[in-house]
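Here is the structure we will look at.
We did not get these values from a lab; they are worked out from the coordinates using the rules stated. Quick caveat: nothing in here was measured; it's all calculated off a predicted structure. Backbone-built Cβ (ideal geometry, glycine too); neighbour counts: all protein chains shown.
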Amino acid sequence: MARILKARLGERAAKVPTLAMPDFAARALAAVSPQMKAMLPLLGRTQAFSTSKAQAALGWTPRPAADTIADTAASLLV
């Protein structure tokens, strides 16, 4: 997401962090942060989603993820 924001929003995304947090840091933060503790089961996993059922049943076509991410961020900056 950070790369998309930097590429699409330019200077408006100057403060977007681009470094990945190592797993050990997330585990350490989980000791003091309930939000981070809730994320622990997701560490090291890749999430895959499919829109095929919605496309077949509804004839729906999703927008490209990069467009959605950039448009959402731009709307929050206004």
ask   = When Lys and Arg each count +1 and Asp and Glu each count -1, what net charge do the other residues less than 12 Å away from L43, Cβ to Cβ, add up to?
value = +2
key: Sparsely packed trypsin sites (Lys or Arg not before Pro) within the chain, loop by DSSP, other Cβ within 10 Å at most 10   = K15, R45
Selection of chymotrypsin sites (Phe, Trp or Tyr not before Pro), the range 6-72, meeting DSSP coil and at most 13 other Cβ within 10 Å = F49, W60
ask   = Under a straight-distance cross-link criterion of Cα-Cα below 23 Å, which lysines are reachable from K6, leaving out those fewer than 8 residues away in the same chain?
value = K15
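For the chain, what ratio Rg/Rh do Cα atoms give with a Kirkwood hydrodynamic radius?
Details: Rg = 16.6 Å, Rh = 15.5 Å.
With Rh from the inverse mean 1/r over Cα pairs, Rg/Rh is 1.07.
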